[in-house]
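Here is the structure we will look at, set down as structure tokens.
The values are calculated or read from the model by the stated rules, or taken from the named source; none is laboratory data. No experiment lies behind these values; they were computed from the predicted model shown. All Cβ positions, glycine included, derive from the backbone under ideal geometry; neighbour counts span all protein chains shown.
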Amino acid sequence: MDPLVSIVVPTRNRRDTLQHVLPTLLAQTCGSDRYEILLCDYGSSDGTHDLVVSMEARNLHFVDVRIPGRAGGRNAGLRRATGTIVLFTDADILAAPSLVDEHLAAHARFPGAAVVGWEVRVDSLDEYRVATVHPSARRRLHPAWRRRLSWPFFVTGNASARRSDLVRVGMFDESMTEYGHEDLELGYRLRRAGISIIYHPAAVNYHWHPEPLADRTEKMYLAGRATVRLYRTHRDWRILARLGVNPFSLAWHAALRPGGGLLERCRRRADHSAWPRTVVLEYAYLSGVRDALANRRRGRAT
């Protein structure tokens, strides 16, 4: 009998986190016959395949990916998937035991919708262990009462949809090989196809991803470039508006000149204070936007 859910996990050289992540995916309360795990690997050289083999799990499958990028990895899983529902997560995200059950419950309640769960950010395994037993310690992205989401919140760390719908809208855009927004772009097409995106906070997993400020800043810069790429793909000005690009934000960015006093003070304090960190990250994001609009490329946004 085919499983009900196919869990798709793209990866490359993440054995260090997968040795913790895969056991949580294999310990789902729904029973192993109801779901399969498709670990979609693009050229790992760290023994990821050996790790999968050593686990000897009948519902865990290694998928060899030939197309670079997260979009290519997820599409490889989609093509291999046999479940009616496809659940996307990542190689550094630990699953709550009821994750699959909760996604199935949400799809039963809202047939035909896509579902986004509660992706809790944790910076260490110790913080993860605390968050599993103390819900009040979990960092929220949305209020619990929110039910429907717009397309920018279709983030594939904890999202599911019917395989038939994903195929119908064209799956992930494999031309998006640079960092950022391949999941948002798919969410945009799902909404245009009339598919609702439901927030189901009972479907919990834990994004274990401590990240230095320099790395976050670089990703924000690349996300800014991705925003322009997404706009140019669909030529819908509302994409820029929904992703924070407008005359006011661009004017704010222009006022914060590189090397200017306020920006430099924020950079010095960003590691220890939330407001300066927000300024630095937003500046990096808009730097990516402006460079992409001008067809420029550069190195680090810091």
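Residues that are crowded, with 21+ Cβ neighbours inside 10 Å: list the strands (runs of 3 or more DSSP E) wholly contained in region 29-128 that include at least 3 such residues.
Those strands (runs of 3 or more DSSP E) span 35-41, 85-88, 93-95, 114-122.
Condition first: buried (at least 23 other Cβ atoms within 10 Å of the Cβ) and either touching a Phe, Trp or Tyr at 6+ places or on another chain (Cβ under 6 Å) or not assigned by TED's automatic domain parsing to the domain that holds residue 62 (or both). Now tell me which residues in region 8-21 satisfy that.
Scanning region 8-21 gives a single hit, 8.
Right, residue 24: assigned by TED's automatic domain parsing to the domain that holds residue 104 and more than 21 Å from the chain's Cα centre (by Cα) or not?
No.
Suppose we filter region 199-208 for residues that are surrounded by fewer than 20 Cβ atoms within 10 Å (Cβ to Cβ) and touching a helix residue (DSSP H, G or I) at 6+ places or on another chain (Cβ under 7 Å); how many remain?
1
Determine which member of the set 100, 86, 130 is of a type in the set (Val, Ile, Thr) and in contact with a Cys (Cβ under 9 Å, 6 or more places away or on another chain).
Going through 100, 86, 130 in turn, the sole match is 100.
Cβ-Cβ below 7 Å, separation at least six or inter-chain, first residue in region 116-140 and farther than 10 Å from residue 206 by Cβ and in the same structural domain as residue 196 (by TED's automatic domain parsing), second charged (D, E, K, R) and part of a helix (DSSP H, G or I): which pairs?
Every condition considered, the pairs that remain are 117/102.
So in region 212-221, with the set limited to residues that are in a helix (DSSP H, G or I) and of a type outside the set (Gly, Ala, Ser), which one is surrounded by the most Cβ atoms within 10 Å (Cβ to Cβ)?
Checking each candidate, the answer is 221.
Going through 260, 244 one at a time, which residue ends up being small (Gly, Ala, Ser), out of contact with any Gly (no Cβ under 7 Å at 6 or more places or on another chain) and modelled with pLDDT of 90 or more?
Residue meeting the stated conditions: 244.
Here's a check for you: in region 167-213, which residue that is out of contact with any Leu (no Cβ under 7 Å at 6 or more places or on another chain) and within 16 Å of residue 68 (Cβ to Cβ) is modelled with the lowest pLDDT?
177
Residue-wise test of (1) in contact with a Pro (Cβ under 8 Å, 6 or more places away or on another chain); (2) in contact (Cβ under 8 Å) with a residue 60 or more places away in the chain; (3) surrounded by fewer than 15 Cβ atoms within 10 Å (Cβ to Cβ); (4) among the aliphatic types (A, V, I, L, M).
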site: 182; (1), (2), (3), (4): no, yes, no, no
site: 186; (1), (2), (3), (4): no, no, no, yes
site: 210; (1), (2), (3), (4): no, yes, yes, no
site: 223; (1), (2), (3), (4): no, yes, no, yes
site: 229; (1), (2), (3), (4): no, yes, no, no
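Please determine, by comparing only the residues of region 129-166 that are aliphatic (A, V, I, L, M), surrounded by fewer than 20 Cβ atoms within 10 Å (Cβ to Cβ) and under 25 Å from residue 228 (Cα atoms), which one is modelled with the lowest pLDDT.
Among them, the one singled out is 141.
Taking region 237-274 as the search range and keeping residues that are assigned to a helix (DSSP H, G or I) and within 24 Å of the chain's Cα centre (by Cα), which one is surrounded by the most Cβ atoms within 10 Å (Cβ to Cβ)?
239
Would it be correct to say that residue 177 is part of a loop (DSSP other than H, G, I, E, B) and of a type outside the set (A, V, I, L, M, F, W, C)?
Answer is yes for this residue.
Could you say which residue among 189, 225 is in the same structural domain as residue 91 (by TED's automatic domain parsing) and assigned to a helix (DSSP H, G or I)?
189
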